[in-house]
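Okay, structure first, notes after.
Just so it is clear, none of the values below were taken in a lab; they were calculated from the coordinates. Just so we're clear, the structure is a prediction, and the values are computed from it rather than from any experiment. Every residue, glycine as well, gets a Cβ built from its backbone with ideal geometry; the counts of neighbours run over all protein chains shown.
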Amino acid sequence: MNTKLRMGMIGGGKGSFIGAVHRIAANMDGLIELCCCALSSKPDIALESGKALFLPEERIYSGYEEMIEKESQLPEEKRMHFVSIVTPNHVHFKPAMMALERGFHVVIDKPIAFSLDEAKHLKQKVEETGLMLCLTHTYTGYPMVKQARKLVADGVFGQIRKIWVEYPQGWLSRLSEKDGNTQAEWRTDPAKSGKAGAMGDIGTHAANLAEYISGQKISKVCADINIVVPGRMLDDDGAALLKFDKGASGVLIASQVASGVENALTIKIHGEKGGIEWHQMEPNTLLVKWYDQPAQIYRTGNGYLDDVAKRNTRTPGGHPEGYLEAFANIYRNFAWALEAKLNGTEPREIDFPTVDDGVRGMAFIETVIASGQSDKKWLDFEI
C-alpha cells in the first residue's frame with residue numbers, strides 16, 4: 001500500500017476538546033489523513049465543523065449511520081480505512097459495532113463502551129472479523145512510561161511488590177455541570193457516562209497504567225467510592241486497594257475534587273531491589289530508585305534509553321514532549337500495525353492498547369463501583 005491511511009471521525013466537532021486532540025495526534029506523522037466525518041449529532045453543527053476542516057461536502061455526514069453506510073459503498077481506493085470515535089461514552093458501542101460489521105477498523109476513546117457487556121460484544125466482533133481496534137489510553141504512549149515498563153519486564157527490580165497510582169484533578173470541585181460546562185455535564189450524567197464518574201473517567205487510566213508498566217493484572221479490588229459535591233449523581237472521588245495476579249499489592253486513588261490540582265497522574269512501582277516513579281506533569285523524567293545505590297534520573301532523548309523509548313521519542317533531549325506527542329505515538333503505532341495488516345505482512349510489534357484493554361477497563365469500572373457499594377468490600381476482578 002502506497003497511500004496515507006484514510007480516517008473517518010465520529011464526534012469531535014465544534015466545541016469539542018478531545019476531537020481536536022485526536023486529529024492533531026493522527027496527523028503528526030503524516031501517515032493518516034481525515035477523509036470524512038460525522039462530527040456532531042446536530043446536522044448544522046456537523047456541516048459547519050466539517051467545512052471548517054476543509055472536507056468536501058459529500059464526505060461530511062449528518063450522523064454516524066449515514067457515514068458508515070455510505071463509506072462502505074465507496075470504491076476501496078476512496079473509502080475510509082478506519083473510524084475514530086470520540087463521542088461521550090453512551091455513543092461508543094453502536095458506531096463501533098456498525099463500523100466493524102461493515103469492515104472498518106476502529107480507534108475509540110476510553111472507556112471502550114457504556115458497560116462490560118457492550119465491551120465483551122465488541123471483543124467478540126473484533127475476533128470474528130479479524131479487524132483491529134485501538135483504545136486511546138494516552139499515558140501508555142509516553143517514552144518514559146515505555147522505558148519504565150521495559151525495566152520492570154527485564155527484571156532489574158526483582159519481584160514487584162507494591163504499586164501506587166493516583167490521578168487527582170480539581171476541575172469538578174464545584175457543581176460545574178449545572179453552570180453550562182458541557183464536559184462536566186455529560187461526564188457526571190449516568191445516562192451518558194455509565195456507572196462511574198471519576199473512576200470511569202480517570203480511574204481507568206490509572207488502572208491501565210498500573211497494569212501496563214508492572215506487567216501484572218488486577219485480580220481483587222476493595223474500594224471506597226464517594227460523591228463529595230452535593231447534588232452530583234456520580235462519584236467524584238474514590239480509592240481502592242488492589243491485589244495483582246503475580247503477587248503485588250497496590251493502592252489506586254482517583255479524585256476530581258482535589259481543588260487546585262490539574263492532571264497530577266503519578267505512579268510508583270517497587271520491587272525487592274528498587275523501583276520507578278513517574279509523574280505525568282513532568283513526563284520526560286523517570287526516577288529510578290535502588291535499595292542499595294543512589295537514585296538515578298532517566299531523561300527522554302538520551303542514548304542510554306531502551307530502543308522502545310527511543311522509537312517513541314520525537315525531539316532531542318531537553319526539548320519538551322508531552323500529551324499530544326504521547327497521543328500521536330498511539331496513532332502512529334496503530335497506523336504501522338494497520339499498514340502491515342493491509343499489506344499482508346507481520347507488524348514489528350503491537351504497541352498500542354487494544355480491545356482487551358477496553359474489556360479490562362470496563363471490568364475495573366464495574367468491580368470498583370460494586371465494591372464501593374458492598375459491605376463485603378474485597379471483590380474478585382472478573383471478566
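Order these peptides, 55-63, 208-216, 263-271, by their mean beta-carbon neighbour count within 10 angstrom, highest first. Provide the component values of the computation, followed by the final result.
Values: 55-63: 16.0, 208-216: 22.7, 263-271: 20.1.
Packing proxy ranking, top to bottom: 208-216, 263-271, 55-63.
With the cut-off at 35 Å, report for the chain the share of all Cα pairs above it, as a whole percent. Numbers along the way, then the final one.
Values: 18026 of 73153 pairs.
Of the Cα pairs, 25 percent sit more than 35 Å apart.
Nearest 500 deg cm²/dmol is fine: what mean residue ellipticity at 222 nm does the chain get from its DSSP H runs of n ≥ 4 alone, each adding -39,500 (n - 2.57), divided by its residue count? Kindly include the intermediate steps, with their values, before the conclusion.
Details: 12 runs with 129 residues, N = 383.
So the calculated ellipticity at 222 nm is -10000 deg cm²/dmol.
Once you sort the root eigenvalues of the Cα gyration tensor of the stretch 214-319 as a ≥ b ≥ c, which label holds: rounded (a/c under 1.5), prolate (a/b larger than b/c) or oblate (the other case)?
oblate
Rounded, prolate or oblate: pick one for the stretch 1-127, where a ≥ b ≥ c are the square roots of the eigenvalues of its C-alpha gyration tensor, a/c under 1.5 means rounded, and failing that, prolate if a/b is larger than b/c, else oblate. Could you put the intermediate results ahead of the total?
Working: a/c = 1.45, a/b = 1.20, b/c = 1.21.
Rounded, because the longest to shortest axis ratio a/c is under 1.5.
Please compute the modelled spin-label separation between GLU65 and ASP292, points set 7 Å along Cα→Cβ, answer in nm with one decimal.
If labels sit at ASP292 and GLU65, their model points lie 6.8 nm apart.
Taking 0.36 nm per intervening residue step and subtracting the Cα-Cα distance, what contour gain separates GLU185 from MET281 on full extension? It would help to have the intermediate numbers written out before the result.
On the way: separation 96, 0.36 × 96 = 34.56 nm, distance 2.56 nm.
Gain on stretching GLU185 to MET281: 32.0 nm.
Can you list which of the GluC sites (Glu not before Pro) found in the stretch 241-303 are DSSP loop residues with at most 13 other C-beta atoms within 10 Å? Can you show the working numbers first?
Working: sites: GLU262, GLU272, GLU277; in loops: GLU262, GLU272.
Filter output for the stretch 241-303: GLU262, GLU272.
Any idea how far the Cα center of the stretch 235-274 sits from the one of the stretch 1-62, in Å?
35
Is the shape of the stretch 333-377 best called rounded, prolate or oblate, per the rule: a/c under 1.5 gives rounded, else a/b larger than b/c gives prolate, else oblate, with a ≥ b ≥ c the square roots of the Cα gyration tensor eigenvalues? Could you put the intermediate results ahead of the total?
On the way: a/c = 5.88, a/b = 5.41, b/c = 1.09.
Cα axes put the stretch 333-377 in the prolate bin.
Based on the mean of other beta carbon atoms within 10 Å per residue, what is the order of 43-54, 371-382, most packed first?
Values: 43-54: 15.9, 371-382: 13.2.
Peptide ranking by packing, descending: 43-54, 371-382.
Find how much the distance from ALA264 to GLU349 grows on full extension, using 0.36 nm per residue of separation minus their present alpha carbon separation; answer in nm with one decimal. Walk me through the numbers before you get to the answer.
Values: separation 85, 0.36 × 85 = 30.60 nm, distance 2.99 nm.
Here the answer is 27.6 nm.
Given R₀ = 45 Å, FRET efficiency for GLU127-ARG174 by Cβ-Cβ distance, to 0.05? Don't skip to the answer; put the middle values down first.
Numbers: r = 44 Å, r/R0 = 0.98.
Result of the calculation: an efficiency of 0.55.
Round to a whole angstrom and tell me the spacing of the C-alpha centers of the stretch 275-350 and the stretch 80-128.
If you average the Cα positions of each part, the centres end up 27 Å apart.
Of the cross-linked pairs LYS123/LYS273; LYS125/LYS162; LYS150/LYS376; LYS94/LYS195, which ones have a Cα-Cα span greater than 27 Å in the structure shown? Mind showing how you got there, number by number?
Values: LYS123/LYS273 38 Å; LYS125/LYS162 36 Å; LYS150/LYS376 37 Å; LYS94/LYS195 18 Å.
Beyond 27 Å: LYS123/LYS273; LYS125/LYS162; LYS150/LYS376.
Pick from GLY103, GLY203, GLY19: which residue has the top mean-square fluctuation in a GNM of the chain where Cα pairs under 10 Å get a spring?
In this elastic network of the chain, the residue with the biggest mean-square fluctuation among GLY103, GLY203, GLY19 is GLY103.
Based on the Cβ-Cβ distance from VAL156 to LYS377, what FRET efficiency comes out when R0 is 41 Å, to the nearest 0.05? Kindly include the intermediate steps, with their values, before the conclusion.
Working: r = 35 Å, r/R0 = 0.85.
Here the calculated transfer efficiency is 0.75.
Charges on Cβ only, +1 for Lys and Arg, -1 for Asp and Glu, centred on the Cα centroid of the stretch 5-131; of PHE17, CYS35, LEU5, which one is farthest towards the dipole's positive end?
Sorting the options by dipole projection puts first PHE17.
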